[in-house]
Amino acid sequence: LSAMREPSMDPSISADSTAQQDSLFSMMDVFLISLITGLFTYWFFFRKKKEEVPELPKMQSVAAPVRDSSFIEKMKKTGRNIVVFYGSQTGTAEEFANRLSKDAHRYGLRGMAADPEEYDLSDLSRLSEIDKSLAVFCMATYGEGDPTDNAQDFYDWLQEADADLSGLRFAVFGLGNKTYEHFNAMGKYVDKRLEELGAQRIFELGLGDDDGNLEEDFITWREQFWPAVCEHFGVEATGEESSIRQYELVVHTDVNMNKVYTGEMGRLKSYENQKPPFDAKNPFLAQVTENRKLNEGGERHLMHLELDISNSKIRYESGDHVAVYPANDSSLVNQIGEILGTDLDTVMSLNNLDEESNKKHPFPCPTSYRTALTYYLDITNPPRTNVLYELAQYASDAGEQERLRKMASSAAEGKALYLSWVVEARRNILAILQDMPSLRPPIDHLCELLPRLQARYYSIASSSKVHPNSIHICAVTVEYETKTGRLNKGVATNWLRSKVPEQNGSSSLVPMYVRKSQFRLPFKPSTPVIMIGPGTGIAPFIGFIQERAWLKQQGKEVGETVLYYGCRREHEDYLYREELARFQKEGVLTQLNVAFSRDQAEKVYVQHLLKKNKENVWKLLNEGMAHIYVCGDARNMARDVQNTFYEIVSEFGNMSQPQAVDYVKKLMTKGRYSLDVWS
């Protein structure tokens with residue numbers, strides 16, 4: 001306050017103050033004029049801008065992404081008239097689709113392979129806009145008659161669609177396995193449903209059986225399919241099947257190594273900088289914290305592994321599968337490099353010659369040949385006939401070239417030779433190169449032809465209620481001698497066997513992700529469960545029993561938990577013996593029935609024990625409304641177990657054989673009879 005009073009006490013200030021006031025008024029006038037002018041200018045330009053907005057050309061770009069999902073527009077733009085869609089889980093259906101799309105050029109047609117996940121399939125009704133157009137579907141069946149992951153949306157659309165597909169011409173080749181209950185269900189469904197929607201089938205449904213010879217089934221169907229296409233469109237073959245490269249090689253001599261893939265499945269450097277969510281294209285690097293041998297004796301090596309998933313945000317349920325990306329044996333990779341005289345550390349890219357293709361490279365590029373052969377390519381399975389055909393041109397010996405071409409032909413003699421010399425002898429690409437000394441293809445063409453190395457799936461042997469931060473695997477190492485005297489080793493199991501837990505060691509890291517399953521415990525813990533799982537088929541049931549024990553500890557009422565387990569010998573390969581004994585002692589495992597198949601003169605299997613306890617089995621099933629779970633071998637065990645249930649139901653339910661079969665099938669439909677099987 002004293003500071004404010006000081007000016008009024010000084011008479012000299014008043015004259016200055018008057019002069020300042022005059023100056024202030026003139027400044028105020030200038031300010032007001034400037035403000036009015038500014039406001040007018042702003043209004044003028046703002047008004048003009050508002051009028052011009054609708055004319056901005058940028059508005060057109062909004063529709064671009066929608067057009068990208070139209071395979072019709074793409075076909076028109078690139079002059080294609082045949083589209084081959086694939087529903088593929090392991091890459092085989094995609095491989096077949098690529099082969100069919102490449103075939104088209106021999107008939108003056110142009111094909112493209114397409115992933116249904118990337119396109120709007122309701123556009124099928126517009127395919128007739130393209131002359132001589134045809135849609136082919138290579139559809140694999142997965143699990144218990146389910147569509148593959150990439151065909152799920154297509155399957156959902158087919159179920160709900162009321163589209164008019166009367167202008168559509170189509171053909172379907174299904175990939176399945178006869179040991180499974182729902183053989184080729186997806187191929188059969190697509191074929192039937194497209195016809196129901198008015199589409200015209202131009203060739204009969206093909207049913208490939210992976211339990212037999214899938215490659216031969218495909219070739220046989222294909223050799224009759226193309227003549228049917230020719231007849232329908234009035235075209236003729238323009239010449240012999242010829243080798244057309246799909247990718248061109250670019251060698252990088254001066255490249256930034258930070259831009260080079262070293263085994264990642266999707267994003268570059270994703271293994272160095274891990275970011276959830278983790279899936280097939282972005283696996284999590286899990287540390288192996290335990291790797292112990294489960295069996296006490298015998299020739300085989302059965303193992304229990306534990307993968308640490310702390311801080312990954314990965315969630316799993318009992319019954320889910322863990323997918324693991326393995327690596328090929330470095331000695332096989334080195335031998336291929338030596339035979340082909342190649343520097344495996346050369347950094348290269350294989351770039352698609354079709355610039356419009358969504359698939360720019362056959363595997364992540366740029367990378368080295370060593371990385372491609374180690375992490376991206378399947379070098380251990382017998383190559384398919386198309387690979388032999390393409391490689392034949394590089395055999396300098398006429399006899400070897402003729403032999404390769406014959407095996408790739410559709411002639412009966414050629415098919416028989418391929419079956420005996422390649423499939424039954426289990427010759428992989430290295431064995432073929434070793435046994436054909438004049439066959440020396442360029443390594444880049446070989447890398448283009450070989451299929452992708454696939455993830456391996458294992459039933460999770462733990463419960464997330466008990467082990468939220470780890471996933472357990474139970475597996476047996478695959479190792480066998482071939483007819484040529486070579487020792488073949490399973491890629492994933494031998495790679496996992498070498499994963500020794502280390503502190504901060506990168507050698508014990510496993511790229512993995514979780515795949516959800518329908519193999520689930522009943523919603524009510526009080527529901528009885530009957531679990532049948534010989535050998536490593538016990539894996540998911542270890543998780544189930546752990547979970548039932550946990551529920552019991554929480555004070556929940558837990559129903560009868562019955563296990564039928566089988567192994568060769570009690571003192572050799574009785575897996576998780578101590579754990580099972582403990583669960584039984586604690587009263588969680590109410591029945592433990594173990595079949596030792598080779599401990600006596602007559603072999604005893606799980607189905608024999610089911611028959612022995614048939615009254616109890618029927619009581620649990622009929623009165624207790626028990627859920628049945630079967631895990632393990634699909635070819636023999638699962639079928640024998642199912643037949644045993646038919647017998648039990650028929651005997652105690654007073655039903656005929658067809659009625660008993662229908663009863664069990666209804667259990668499956670209701671989710672009371674679940675399978676997790678492999679062949």
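What residues from the range 431-468 fall in the zone where the backbone N is under 19 Å from a label point 7 Å along the Cα-to-C-beta line of SER331?
431-435
What FRET efficiency comes out for LYS275 versus LYS516 if R0 is 22 angstrom and r is the Cβ-Cβ distance? Round to the nearest 0.05.
0.60
What whole number of Å gives the distance from the Cα centroid of the range 621-679 to the Cα centroid of the range 115-174?
33
With θ set to phi - 60° and the Karplus curve 6.51 cos²θ - 1.76 cosθ + 1.60, what are the ³J(HN,Hα) couplings of the range 586-595 in order, to the nearest whole Hz, using x for Gly and Pro?
Couplings: 6, x, 6, 8, 6, 9, 10, 10, 10, 9 Hz.
Rounding to the nearest 10 and keeping the result within 0 to 90°, find how far the Cα-based axis of helix 657-669 lies from the longest principal axis of the chain.
20
Give me the percent of DSSP beta bridges within the chain that run antiparallel, rounded to the nearest 5.
That works out to approximately 50 percent antiparallel.
Can you bin the range 300-368 into rounded, prolate or oblate? Criterion: square roots of the alpha carbon gyration tensor eigenvalues sorted a ≥ b ≥ c, rounded for a/c under 1.5, prolate for a/b above b/c, oblate for the rest. Let's see the in-between values first.
Working: a/c = 2.98, a/b = 1.45, b/c = 2.05.
Verdict is oblate for the range 300-368.
Could you calculate the FRET efficiency of THR669 with GLU338 from 1/(1 + (r/R0)^6), where r is the beta carbon distance between them and R0 is 51 Å, rounded to 0.05?
0.35
Anything over 22 Å Cα to Cα? Flag those among LYS77/LYS132; LYS465/LYS556; LYS281/LYS516; LYS556/LYS611; LYS178/LYS603, in the order listed. All intermediate terms of the calculation are to be shown ahead of the outcome.
Numbers: LYS77/LYS132 15 Å; LYS465/LYS556 14 Å; LYS281/LYS516 16 Å; LYS556/LYS611 31 Å; LYS178/LYS603 26 Å.
Pairs exceeding the cut-off: LYS556/LYS611; LYS178/LYS603.
Which of rounded, prolate, oblate describes the range 529-677, given a ≥ b ≥ c as roots of the alpha-carbon gyration tensor eigenvalues and a/c under 1.5 marking rounded, otherwise prolate only if a/b is larger than b/c?
The shape class here is oblate.
Taking the Cβ of LEU127 as the centre, find all other residues whose Cβ is under 15 Å away and add up their charges (Lys, Arg: +1; Asp, Glu: -1).
+3
Report the full-extension gain for the segment TRP678 to GLU570: residue separation times 0.36 nm, less the Cα-Cα distance, to one decimal in nm.
Length difference between fully extended and current span is 36.5 nm.
Just to be sure I understand the model, the point goes 7 Å from the Cα along the line to the Cβ. What's the resulting VAL478 to ASP662 distance in nm?
4.0
Can you work out ³J(HN,Hα) from phi for every residue in the range 278-283, in order, using Karplus 6.51 cos²θ - 1.76 cosθ + 1.60 and θ = phi - 60°, giving whole Hz and x for Gly and Pro?
9, 8, 4, 9, 9, x
When the helix-only estimate is applied to the chain (DSSP H runs of n ≥ 4, each -39,500 (n - 2.57), divided by the residue count), what is the mean residue ellipticity at 222 nm, nearest 500 deg cm²/dmol? Provide the component values of the computation, followed by the final result.
Working: 21 runs with 233 residues, N = 679.
The per-residue figure over the chain is -10500 deg cm²/dmol.
Go through TRP550, TRP421 and list them by solvent-accessible area, largest first, probe radius 1.4 Å.
Details: TRP550 70, TRP421 35 Å².
My answer, sorted largest first, is TRP550, TRP421.
How large, in percent, is the carbon and sulfur part of the accessible surface of the range 211-341 at a probe radius of 1.4 Å?
Looking at the range 211-341 in its full context, I get 45 percent from C and S.
Under the 0.36 nm per residue contour assumption, what length would be gained going from the current alpha-carbon distance of ASP211 and THR289 to full extension?
Taking ASP211 through THR289 to full extension adds about 24.5 nm, to one decimal.
Calculated from the structure, semi-axes √(5λ) of the Cα gyration tensor in Å equals which of [x] 122, 37, 22; [y] 56, 40, 30; [z] 44, 35, 27?
From the options [x] 122, 37, 22; [y] 56, 40, 30; [z] 44, 35, 27, the structure gives [y].
Using the basic label-point model (7 angstrom from Cα toward the beta carbon), what is the LYS603 to LEU487 distance in nanometres?
Each label point is offset 7 Å from its Cα along the Cβ direction, giving 2.6 nm.
Helix 185-196 against the longest principal axis of the chain: what's the angle in degrees, Cα atoms only, rounded to the nearest 10?
Approximately 70 degrees, to the nearest 10.
What is the gain in length, in nm to one decimal, between ALA416 and ASP162 on full extension, counting 0.36 nm per residue of separation less the C-alpha to C-alpha distance?
86.9 nm
Cα axis of helix 539-553 to longest principal axis of the chain: angle in degrees, 0 to 90, nearest 10?
70
Label-point separation (nm) for LYS619 and GLU299, each offset 7 Å from Cα along Cα-to-Cβ?
4.3
Return the whole-Å distance between the Cα centroid of the range 382-445 and the Cα centroid of the range 547-618.
If you average the Cα positions of each part, the centres end up 48 Å apart.
Given H placed 1.01 Å from N in the peptide plane, which residues other than close sequence neighbours of GLY108 have an amide H under 5 Å from its amide H?
Amide H neighbours of GLY108: THR238.
How high is the FRET efficiency between THR238 and THR527 when r is their beta carbon distance and R₀ equals 51 Å, given to the nearest 0.05?
Computed FRET efficiency for THR238 and THR527: 0.20.
Limiting things to C-alpha atoms, what are the Rg and the maximum Cα-Cα separation (Dmax) for the range 311-452, in angstroms?
17.6, 59
What shape does the range 71-233 take by its C-alpha gyration tensor, where a ≥ b ≥ c are the square roots of the eigenvalues and a/c under 1.5 counts as rounded, a/b above b/c as prolate, and the rest as oblate?
Working: a/c = 1.62, a/b = 1.22, b/c = 1.32.
In terms of gyration-tensor shape, oblate.
The values are calculated or read from the model by the stated rules, or taken from the named source; none is laboratory data. The structure presented is a predicted model; accordingly, all values stated were derived computationally and were not measured. So basically every Cβ, Gly included, is an ideal-geometry build from the backbone, and we count neighbours across all protein chains shown. When the accessible area is computed, the model is the full protein with side chains, heavy atoms only, and any ligands, DNA or RNA have been set aside. Shrake-Rupley method; radii C 1.70, N 1.55, O 1.52, S 1.80 Å.
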